[in-house]
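Before any comments, here is the structure.
The values are calculated or read from the model by the stated rules, or taken from the named source; none is laboratory data. What you are looking at is a predicted structure, and each value in this text was computed from that prediction instead of being measured. Cβ atoms come from the backbone with ideal geometry, glycine included; neighbour counts cover every protein chain shown.
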């Protein structure tokens, strides 16, 4: 059986070389995407290897990935889920668990966050019936303005849930100190910042819970997939329960009677000895990842350090090429004492200098360079808020969100992912500067 598997793996490698391996795109001729999957034969071999097990749910590769990922970050617990959005849902819902006593989030409680981000950082808060409290951003870090946290605080505040923007860490030391001072939970949305550090410590390890995403454009991929990490055993127990249907049992798939009390416990108002595998301590979900996805992640995780390094090099090069032209646009600045693992390169144009984001973005796209906005820009302006806009019982805004609106109107970003070479970065810079001249 082992010999046959190895023969299949050798054939998969040949298939990769002949059919999947691609040459780098040519600047000006081929499309330069903002991000994408970056892989070799090892990911494909792992995928086929896992399919030969025909174990179609979470299994040995998922176990390996959770162990290795937790070791990479230096945390006790990592839990795989089926997407980064599910990770955010799970992270927030875990804090609603009655097992947390009077600290658990209840409907009507408030969660401080920002509007210039991805909607699934906010959606779980609204869907549960808690109240997001939106504060403004800082430019050029494009992260939460920590000076307004005190203004956002109320007697109903229970948590802060925010993302590290495009790999640039928010001021996690200041935010964590604020949370500790006021006994608040901190959820770090680390989906766009895997590998970033503050004072030598990885982002995703400062908060009570952190999330990650393995969608193809992210720092590493499983195709789909996400992760939730924490250091608190009680939170891990709650997360595991809610990920797996809300069950009280901790048996892994295919396992029975791990606790040796399967038919001898008393739970809720159930009859004594009711099968523990069908006892539910939470209203949960099924958010598990498949082992085939996890197998890809195991190969990707080995490459993560070189992915991070390449992103940092591309970002630094593009910034150096544009740095002499800052009278026309604002370039991103890293948080002090941080080492960002950049997801993209943010640019805010200066309309007072005659620049138009639309003209520059159009020029880039015409030249086969993919661009993106900073996600929602200002989420409150989107159609999903039409039915609740101006309803302070469902959300609250602190201040005027001036920078948030500027990001919505004047900011865009381009990619720095490992699939882009130095020639690509120089071409992106050239097209940006040509577009600036055309705006004059």
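Pick from region 363-383 the residues that are closer than 16 Å to residue 437 by Cβ and touching a residue at least 24 places away in the same chain (Cβ under 8 Å): which of them is surrounded by the most Cβ atoms within 10 Å (Cβ to Cβ)? Don't jump to the end; show me each part of the working.
Taking region 363-383 first, the residues closer than 16 Å to residue 437 by Cβ are 363-364, 366-367.
The next check asks that each one be touching a residue at least 24 places away in the same chain (Cβ under 8 Å); those that pass are 363-364, 367.
Values: 363: 18, 364: 20, 367: 17.
Only one residue fits best here, namely 364.
Can you go through 226, 246 and tell me which one is in contact with a strand residue (DSSP E or B) (Cβ under 9 Å, 6 or more places away or on another chain) and surrounded by 21 or more Cβ atoms within 10 Å (Cβ to Cβ)?
Numbers: 246 fails: surrounded by 21 or more Cβ atoms within 10 Å (Cβ to Cβ).
None of the other options fit; the residue is 226.
Report, by residue number, each residue of region 187-205 that is surrounded by 20 or more Cβ atoms within 10 Å (Cβ to Cβ), in contact with a strand residue (DSSP E or B) (Cβ under 6 Å, 6 or more places away or on another chain) and farther than 17 Å from residue 66 by Cα.
Within region 187-205, the first condition is being surrounded by 20 or more Cβ atoms within 10 Å (Cβ to Cβ), and the residues that meet it are 187-196, 198, 202-204.
Imposing the further condition that a residue be in contact with a strand residue (DSSP E or B) (Cβ under 6 Å, 6 or more places away or on another chain) reduces the set to 187-191, 194, 198, 204.
Residues satisfying the conditions are 187, 188, 189, 198.
Restricting to region 249-263, name every residue that is surrounded by fewer than 16 Cβ atoms within 10 Å (Cβ to Cβ) and either under 21 Å from residue 62 (Cα atoms) or modelled with pLDDT under 90 (or both). Reasoning before the result, please.
We begin by selecting, within region 249-263, every residue surrounded by fewer than 16 Cβ atoms within 10 Å (Cβ to Cβ); these are 250-261, 263.
Of everything in region 249-263, those that are surrounded by fewer than 16 Cβ atoms within 10 Å (Cβ to Cβ) and either under 21 Å from residue 62 (Cα atoms) or modelled with pLDDT under 90 (or both) turn out to be 250, 251, 252, 253, 254, 255, 256, 257, 258, 259, 260, 261.
Does residue 345 count as out of contact with any strand residue (DSSP E or B) (no Cβ under 7 Å at 6 or more places or on another chain), within 30 Å of residue 137 (Cα to Cα) and either in the same structural domain as residue 218 (by TED's automatic domain parsing) or not in a loop (DSSP other than H, G, I, E, B) (or both)? Let's see the steps before the verdict.
Details: out of contact with any strand residue (DSSP E or B) (no Cβ under 7 Å at 6 or more places or on another chain): no; within 30 Å of residue 137 (Cα to Cα): yes; either in the same structural domain as residue 218 (by TED's automatic domain parsing) or not in a loop (DSSP other than H, G, I, E, B) (or both): yes.
Taking the combined requirement at face value, the residue does not satisfy it.
I'm trying to understand the selection: among the residues of region 275-295, which are closer than 19 Å to residue 45 by Cα and part of a loop (DSSP other than H, G, I, E, B)? Reasoning before the result, please.
Just the residues of region 275-295 that are closer than 19 Å to residue 45 by Cα, to begin with: 289-295.
289, 290, listed by residue number.
Can you pull out every residue in region 13-31 that is modelled with pLDDT of 95 or more and surrounded by 14 or more Cβ atoms within 10 Å (Cβ to Cβ)?
Across region 13-31, the qualifying residues are 13, 15, 16.
If we keep just the residues of region 206-215 that are under 12 Å from the mean Cα position of the chain (by Cα) and assigned to a loop (DSSP other than H, G, I, E, B), which is surrounded by the fewest Cβ atoms within 10 Å (Cβ to Cβ)?
Taking region 206-215 and keeping what is under 12 Å from the mean Cα position of the chain (by Cα), we get 210-215.
From what's left, assigned to a loop (DSSP other than H, G, I, E, B): 214-215.
Numbers: 214: 30, 215: 17.
Among those residues, the one meeting the criterion is 215.
Go through region 238-274 and report how many residues are touching a residue at least 60 places away in the same chain (Cβ under 8 Å) and assigned to a loop (DSSP other than H, G, I, E, B).
2
Considering each of 327, 352 in turn, give the residue that is assigned to a loop (DSSP other than H, G, I, E, B) and over 28 Å from the mean Cα position of the chain (by Cα). Before the answer, list the steps.
Numbers: 352 fails: assigned to a loop (DSSP other than H, G, I, E, B).
Being assigned to a loop (DSSP other than H, G, I, E, B) and over 28 Å from the mean Cα position of the chain (by Cα) holds for just one of 327, 352, which is 327.
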